[in-house]
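> A single structure is presented below for examination.
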Amino acid sequence: MSAARQRFASLSDFLLRPLDPTLALILCCLLAYTFVVMASASVGRLESLLLHIMLAMVLIWIVASIPPQRLLSFAPALYILGVVLLVGVDLFGETSKGAKRWLNLGFGRFQPSELMKIAMPMTLAWFFQKREGSTGWQDFLIAIIVLALPVFLIVKQPDLGTAVLVSAAGVFVLFFAGLPWKVIGAVLVTGLLAIFIFVQNSADWCKPEVQWPGMKQYQKERVCTMHSPKKDLRGKGFHINQSTIAIGSGGFSGKGWREGTQTHLSFLPERHTDFIFAVIAEEFGFMGALVLLGLYLALLIRGFIIAATAPSLGTKLLAGAVTMIFFTYVFVNIGMVSGLLPVVGVPLPFVSYGGTALVTLCLGIGILMSIRHSWQDH
Amino acid sequence: MISFREPDDNSGLFIPRLLIAVIAVLVGGIALVAKLYALQIRDYDKYHTAAEDNRIKLVPVVPRRGEIRDRNGVVLATNSYDYTLEITTTIPGGVRPKARPRTELDNTIYELAKFIAIDKKDRERFHKFRAENARLTSAPIRGALTDEEIARFVGQRYRFSDVDVKMRMTRSYPFGQLASHLVGYINRINKDDAESLELRGDADNYLGTEHIGKEGVEAQYETALHGVTGEDRVEITAGGNPVRLLGHSPATPGQDIVLSIDIELQKVAEAAFGERRGAMVAVDPRNGEVLALVSVPTFDPNLFVDGITSENWARLRETGVPRAEQNKPLLNRALFSAYPPGSTFKPFMALAGLTHEKRKWTQKISDPGFFWFGGHQFMDDKKGGHGGVDMYKSLVVSCNTYYYMLAADLQIDRISSFMPQFGFGERSNIDLPGEATGVLPSQAWKRKRFAKAGREHQKWYPGETISIGIGQGYNAYTPIQMAQAMATLANNGRRMQLHVGQKAVDSDDNVTEFPPELVKEIDVKPEYIDLVRQALGDVTRFGTGTRAFAGATYHAAGKTGTAQVYSLKGGKYDKSNERMRDHSWFIAYAPTELPNVLSDQPGIALAVLVENGGFGAASAAPIARQVIDYWLLHKRANEPALEDADASDVDNGDAAHNHAAPLPQAQDGTPGNPAPTPRGAAE
């Protein structure tokens, strides 16, 4: 073996060692699919998409290279920083489209709530690892308070989509940590009861003059629209209506790449971001959608395997929660676009265009790889 | 160092929880797949249709409206193209177009006005149009752009993304006021029109059409003139902008309508009226073609095409003018105004008398100058009476007493059942809209007319029959009914359907003729018709029409009539008031023996009415003379005759013997040739 080849081998070992090949393969497939879809939905964004993908790779590699216990030890600091920034947003944040979500750091805008999507499960996983072997109901109470504080600040911005994701992330950790079934049952019953009461009274509550305490008008409208999207096809129900038309008209095998009429004649809103699933379903049909869902399923299964085989309680909780966050993203996004759920601003993981969301998702992938890597090594 | 080891107690709880999470993921995944299946497989047809409806817009292709031409091909109504400056009135993009704020539009207008003349009226019309046509995305600010103005705008176009030059089809009537009641006009489709189009299932055919025929031929032949709207299938974006043409089915242009009208004859007739009010209908008795149809005063139909201004409308409606002094230029008197026929009714009374054998041709009555009936004295037209009067003389000198007696003998039922065959009291069903029925009085009519009054008012009194005999009393007929009755007489009792449409010509020059149509043969013995015709022929030589037809090189038959105005209204007769004067009638036909319809020899029958014209002989008859002069001789007033060839033929009183063409009902053995009455008898 020549020295050069040896050097190359050690370099590639250095580069590839932190990565989980299975996860990396699934991710590459997803990103390739994204590239094809984006080449139809928004040709002008292809170059920056490539840049995003490259940065994402670097980010994943860096995170994957850090041992999981070290990652967990960052968690409390990250959490405190996140809460401070959220308070900062409340005090000095920039307002755009009626919501105060952004913090201007001088060199660019930053959305602290995004940080919380990862910081939250990490912090709770770190916390439960600390209390391992002696977890009592007090610990769950503390955890719930830790969870509730940033969620409250995010709802206040308001940013319903992120609030849903952050609280989901926390709840998953609580669940995996062994939150008693009594509590889970009580929450589920209360939730279902609330939905039932809402459906019964929606006719009255959705009247334009009715104000919902603590919610902006547009949020109320989104919930009401989901309940009866056909009522106002040209106004609030327009987005859902047009995206269901796009999906439904795709049929079994789709209209073909770049042939989607809903997409290309501008009937579809936000076609390169939150509604990109409708583009896939319109142009590649039921089959194309199943392929995408299959890729996500593979990703989730890999995540669950990593969680099941993780070396410590903290890493187990973190891997399980991160996997479930991916699922939440997918389910809420596709559910929204297909009219199953109300419109909340949740992107389709790795497919929707957008830098901030990609950073979060890559942190998640990096964490999973780091956890996988840590027990493989030893 | 962490090593492989059995999970501790916490991990024991973790794995089942993870399994529950996996189950939750699978349930969620199945829910998504089920939803996608429902959308993409089960309801595919529904969403496919919805997507197609979204992207495909059917754009109507408006057909070219047919022209209206006279019998010689002279264009009476045609299309012209108008270049207009249009401003986008809605915000582009979005699905529901939003109206642009007025300040923004006014700004654009302000900028445009810097180099294109836009006055206050243009602005007002623009905002009015915008308000009334909210469904349209643009509104015209200025029409009739000159080439220079267009060039100026094109130079500045880059500054105006919201302004466009558009070509609009408009209608123009080259003869303006001439024959406007006949030709009619088009106007913008209003709400009522839209409703009636919807009702007759024609709304789709008018999707892109802005105008519709409102009066005259334009309204009557609307369907043929309009044509069939075509359709472009256009792919559009959500914002409504066209992307590409998917399919095209062309429009079928409207048919040109050729009228039997001769616009030159119309011109002569309208000129003959001068400033007077009245109507004239001239027809070819042999085939029912209307040659001229006059109602004066007239109006300019061009004013209506793009919505009449309020000033012009007020002027035509004579807002503020007292009712008694109104000229009513919009009223088509020829079809819609019924007047008592006066003495022009007498020839038909004579036929009724002969047919019902109440009078013989030669039977003489004695006219003392009045007629007593039911304790009331009916005055003759001539003081002291005409002496012994037979039927011939009664027509030539227009003796009232003769017809008082005849009416008394016939009684109302015989009159009211005899007259409808000439079309009295019935619509002529001419191919023009808005015709009145007139009044042919009868017992049934009176009962109905006074249904709300007491029984006394509903009863027919024999005294009321007397004035019917001389065309006064309740009866009232439209000029077209009088022309039709005279044409029927001229055509030896063959009543032809009157019509102005002669043929329709489509864009491939395929011709659809509207053939002559016999309505009915009059149930009167031919020899009676002949006798009455001979008497009418002598009216223009020895009778009441002598002066009007002095020096004519043809032989015309006619009857004067004077319809009293004041007696009907019950007001006090005031000679100084022009509006109280009698209406003047003249009905005529020429030549007295009509040439065969297949020859190119002309024939004409007409009815002239001059409102408040006084004596028929003085006012209406000279108009008839000018019209007949032009039609038979191509001679205009104060001009020498152009064609004298026929003149010698018809010069002789007994034209029947001289004419080469075979004549229907030609009868030899002229009955009792009475002594001509040389003096011009009064009516």
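A short reminder: the numbers here are calculations on the coordinates, not readings from a lab. Bear in mind the structure is a predicted one, so any value in this text is a computation, not a measurement. Don't worry about glycine lacking a Cβ; one is built from the backbone with ideal geometry, like all the others, and counts go over all protein chains shown.
> Can you compute the helix-only [θ] at 222 nm over the protein assembly as shown? Use -39500 (n - 2.57) per DSSP H run of at least 4 residues, normalise by all residues, nearest 500 deg cm²/dmol.
-15000 deg cm²/dmol
> Hey, what D do you get for the range A:21-376 in µm²/s if you plug the Kirkwood alpha-carbon radius into Stokes-Einstein at 4 °C and 1.567 mPa s?
Working: Rh = 21.3 Å.
Translational diffusion coefficient: 61 µm²/s.
> Any idea what the relative contact order of chain B is, in percent, if you count C-alpha pairs under 8 Å spaced at least 6 apart?
On the way: 1357 pairs, mean separation 89.5, N = 683.
Reported relative contact order: 13 percent.
> Specify which residue in the list A:LEU265, A:LEU341, A:LEU81 is farthest towards the positive end of the charge dipole of chain A, using unit charges on the beta carbon of Lys, Arg (+1) and Asp, Glu (-1), about the Cα centre.
Checking the options against the dipole of chain A, the answer is A:LEU81.
> Continuing with this model, one more query. With a cut-off of 16 Å, note down the residues of the range B:102-124 whose backbone N falls inside the zone around a label point 7 Å from the Cα of B:GLU311 toward its beta carbon.
B:118-124
> Scan chain A and note any complete DSSP helix (H) whose C-alpha atoms cover at least 15 Å along its axis and whose Kyte-Doolittle average is 1.6 or more. Kindly include the intermediate steps, with their values, before the conclusion.
On the way: long enough: A:3-16 (19 Å, 0.34); A:21-41 (29 Å, 2.08); A:46-65 (28 Å, 2.15); A:68-92 (34 Å, 1.58); A:112-130 (26 Å, 0.35); A:137-156 (28 Å, 2.08); A:160-176 (24 Å, 2.34); A:181-205 (34 Å, 1.37); A:217-227 (16 Å, -1.41); A:238-250 (18 Å, 0.37); A:276-308 (37 Å, 2.03); A:313-337 (36 Å, 1.64); A:355-376 (31 Å, 1.04).
Helices meeting the span and hydropathy rule in chain A are A:21-41, A:46-65, A:137-156, A:160-176, A:276-308, A:313-337.
> What is the P(r) of the range B:57-259, as percent of Cα-Cα pairs per 10 Å bin from 0?
Per 10 Å bin, starting at 0, the Cα pair percentages come out as 8, 28, 33, 24, 6, 0.
> So if I restrict to the alpha-carbon atoms in chain B, what is the Rg, and what is Dmax, the biggest pairwise distance, in Å?
Final numbers for Rg and Dmax: 36.1, 153 Å.
> Another question about this same structure. What percent does the relative contact order of the range B:57-259 come to when contacts are Cα pairs within less than 8 Å and at least six residues apart?
Details: 341 pairs, mean separation 73.3, N = 203.
Answer for the range B:57-259 is 36 percent.
> In chain B, if the dipole is taken from +1 on Lys/Arg beta carbons and -1 on Asp/Glu beta carbons about the Cα centre, which of B:VAL305, B:THR560, B:GLY201 is farthest to the positive end?
Sorting the options by dipole projection puts first B:THR560.
> Shielding by partners for A:248-261, please: the mean number of other protein chain Cβ atoms within 10 Å of each residue's Cβ.
Details: counts 15, 14, 7, 7, 4, 1, 1, 2, 0, 0, 0, 0, 1, 8.
That works out to 4 on average.
> Summing Lys, Arg as +1 and Asp, Glu as -1, what charge do residues with Cβ under 9 Å from the Cβ of A:PHE176 carry, A:PHE176 excluded? Write down the numbers at each step before the final one.
Numbers: positive: A:LYS316, B:ARG17; negative: none.
Every neighbour counted, the sum reads +2.
> Relative contact order for chain A using alpha-carbon pairs under 8 Å, separation at least 6, rounded to a whole percent? Walk me through the intermediate numbers first.
Working: 493 pairs, mean separation 94.8, N = 378.
This gives 25 percent for chain A.
> Tilt of helix B:616-633 relative to the longest C-alpha principal axis of chain B, in degrees (0 to 90, nearest 10)?
70 degrees
> Another question, then. Can you work out D for the range B:309-435 in µm² s⁻¹ from Stokes-Einstein, where Rh is the Kirkwood radius over C-alpha pairs, the temperature is 25 °C and the viscosity is 0.890 mPa s? Intermediate values should be presented prior to the final figure.
Numbers: Rh = 17.6 Å.
Rounded to a whole number, D works out at 139 µm²/s.
> Sticking with this one: Take every residue in peptide B:41-48, count the Cβ atoms of other chains within 10 Å of its Cβ, and give the average of those counts.
Working: counts 5, 1, 3, 7, 3, 3, 10, 6.
Averaged over the peptide's residues, the number is 5.
> Can you list, bin by bin at 20 Å, the percent of alpha carbon pairs in the protein assembly as shown, starting at 0?
Taking every Cα pair in the protein assembly as shown, the percentages come to 10, 27, 19, 15, 14, 11, 4, 0.
> Quick check on the range A:73-170: what are the equivalent-ellipsoid semi-axes from the Cα gyration tensor, as sqrt(5λ), descending, whole Å? Show your work: numbers first, answer last.
On the way: eigenvalues 144, 37, 18 Å².
In descending order the semi-axes read 27, 14, 10 Å.
> Between the helical axis of B:400-418 and the dominant principal axis of chain B, each derived from Cα atoms, what acute angle in degrees is found, rounded to the nearest 10?
The two axes meet at around 40 degrees.
> Then there's this: Which listed residue (B:GLY374, B:GLY501, B:SER337) has the Cα farthest towards the positive end of the charge dipole for the protein assembly as shown, taking +1 on Lys and Arg C-beta and -1 on Asp and Glu C-beta about the Cα centre?
The Cα lying farthest towards the positive end belongs to B:SER337.
> Quick one: helix B:263-273 against the long Cα principal axis of chain B, what's the angle to the nearest 10°, folded into 0 to 90?
Rounded to the nearest ten degrees, it is 60.
> Treat every Asp and Glu Cβ in the protein assembly as shown as -1 and every Lys and Arg Cβ as +1, leave all other atoms uncharged, and give the resulting dipole magnitude about the Cα centre to the nearest 20 debye.
On the way: 108 positive and 105 negative charges, 787 e Å.
Computed about the Cα centre, the dipole is about 3780 debye.
> Here is a further query. Can you give the longest run of chain B that contains no chymotrypsin sites (Phe, Trp or Tyr not before Pro) sitting in a DSSP loop with at most 13 other Cβ atoms inside 10 Å?
Values: sites that count: B:PHE4, B:PHE115, B:TYR573.
Answer from the scan: B:116-572.
> Tell me, which longest segment in chain A has none of the trypsin sites (Lys or Arg not before Pro) that fall in DSSP loops with at most 11 further Cβ atoms within 10 Å? List each step's numbers first, then the result.
On the way: sites that count: A:LYS97, A:ARG234.
The longest uninterrupted stretch comes out as A:235-378.
> Expressed as cubic angstrom per residue, what is the convex hull volume of the alpha carbon set of the range B:376-418? Please report the intermediate quantities before stating the final value.
Values: hull volume 3.7 nm³, N = 43.
Normalising the Cα hull of the range B:376-418 by residue number yields 85 Å³.
> Using the Cα centre of the range B:57-259 as the reference point, and only Cβ charges (+1 on K/R, -1 on D/E), how large is the resulting charge dipole? Debye, rounded to the nearest 20. Working shown, then result.
Working: 30 positive and 30 negative charges, 122 e Å.
Result for the range B:57-259 is approximately 580 debye, rounded to the nearest 20.
> Only Lys, Arg, Asp and Glu count, each charged at its Cβ (+1, +1, -1, -1), so figure out the dipole size of chain B about its Cα centre, rounded to 20 debye. Write out the running numbers ahead of the final one.
Numbers: 80 positive and 86 negative charges, 491 e Å.
Dipole magnitude for chain B comes out near 2360 debye.
> What does the charge count around B:SER507 come to, taking other residues whose C-beta lies under 13 Å from its C-beta (Lys +1, Arg +1, Asp -1, Glu -1)? Don't jump to the answer; show the numbers that get you there.
On the way: positive: B:ARG64, B:ARG65; negative: B:GLU67, B:ASP256, B:ASP506, B:ASP508, B:ASP509.
Surrounding charge for B:SER507 is -3.
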